[in-house]
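This report refers to the structure that appears directly beneath it.
Readers should treat all values here as calculations from the given coordinates under stated rules, not as data from a laboratory. Fair warning: this is a prediction, and the values are worked out from it, not measured in the lab. FYI the Cβ positions are ideal-geometry reconstructions off the backbone, even for glycines, and counts take in every protein chain you see.
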């Protein structure tokens, strides 16, 4: 037992659960938390906006496998971070957002206290897995342990932890609570046997891997090779099987060739994926009657497609059991080269406008690069299905919730968590403006981070959708700032590659190569060829 304030009890409990880094912004109401970070060895990274803090914690969590922590103050600061919490929930990422809350005896109808919010806990509960509020100093370590248990057991999800202002400042005897080890869920033997029986007779099996398979990469490869199964991935599953593996078709499960492949398959094994509309843009895959689902989430197990065999459990443990049940056998012999060529043609046709950018990046980045991307056309039409990745959690993208501005702070978080690994942030000119202030954060950290901003003069996707609907096209085309100059103004390096004038893809390749070894971030402003003025 030790005597601590609520703020110190919180920080000590976070440190006891392995928190080494926290992203955030100090404010009037959270200073008692900040006061104790240095003494407990928790490094703080100061972002320039709370949404950036949440996205940075997300990028950190996705690439390290640890919980990402963000510390913000109450009211507007917490609500600024709420979008990042919603994104983490959508993508099953364990981030913990810590904030102060109104005092225990705050008047029910309010009294105008600074940052007063009627029910900020309810607001965060709407986008997080849980919003916890300890009401005494002694309860804080338990609440932290509960938060980590929620985030690291079963399907990973974000949690909000709110400590009342007066509890943060109070002093009491505190006993820290040890972390609760997460126990991987073991799939029932009967479901493993049923899946093995179905797969033994398969002549054209296909694996669809999602973000829930990121911790089972060796097992996914072993199952693919045992079955002779072609492997396609969702956005979050990109890289679970290295995309230069002979059986890998890569990401982009929405593409027509993947639909045909799945239609011709006799068994489809979906591992750790919702089979969500956010990945399947043009409709569900034809999996009826032949779907084996392996998932840790019982709700997700029956979402979007009903399985013929449901294997509820941790992906790695379930695949180990399935491989053991299958035993030795003769794998199928799919025409992988033909399917890969057909899918590549789909991806290239869809991303034709961005292929020069993709080729330039492919020539510049090393095999172990982390691509922190944004909800930009150059990413989801360009790099997603056309740029190969080779390890799990190496392609970060805001699926589902579909936020803008994710790529830059997520890249910062990834680099903080993996300082020796190459990281590239890639965004569009519209989306980057949502979090462009985080260039100053990256500059302060002095990290080698290429920030590739692909400029197509506004919100290109929405512009296209307006045109497709026959609507008046307005409010979507606008000139971008000089991003290279903006980067230099906040302490980054800045380069412009004008592909619409005399710039070449080779110039972009060289700029990214240089930026990967620079002593500070580099903003690379890629101006795309003009397509003509579309606004009225």
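Shape of the chain from its Cα gyration tensor (a ≥ b ≥ c, root eigenvalues): rounded if a/c is under 1.5, otherwise prolate when a/b > b/c, or oblate? Kindly include the intermediate steps, with their values, before the conclusion.
Values: a/c = 1.89, a/b = 1.17, b/c = 1.61.
Note, shape of the chain comes out oblate.
If you count, for each residue, the other Cβ atoms within 10 Å and average over each peptide, how do 168-181, 274-287, 485-498 line up from highest to lowest?
Listed from highest to lowest mean packing, they are 485-498, 274-287, 168-181.
Pairs of alpha-carbon atoms within less than 8 angstrom and 6+ residues apart define the contacts here; what relative contact order does the chain have, in percent?
On the way: 1282 pairs, mean separation 70.5, N = 536.
Reported relative contact order: 13 percent.
How much mean residue ellipticity at 222 nm does the chain get from its helices, if each DSSP H run of length 4 or more adds -39500 (n - 2.57) and you divide by all residues, to the nearest 500 deg cm²/dmol? Provide the component values of the computation, followed by the final result.
Details: 19 runs with 190 residues, N = 536.
For the chain, the value works out to -10500 deg cm²/dmol.
Roughly speaking, what is the centre-to-centre gap between the range 145-191 and the range 33-54 when only Cα atoms are used, to the nearest Å?
Going from one Cα centre to the other spans 20 Å.
What FRET efficiency do you get for residue 421 and residue 444 if R0 is 22 Å and r is their Cβ-Cβ distance, rounded to the nearest 0.05? Please report the intermediate quantities before stating the final value.
Working: r = 20 Å, r/R0 = 0.91.
In this case the efficiency is close to 0.65.
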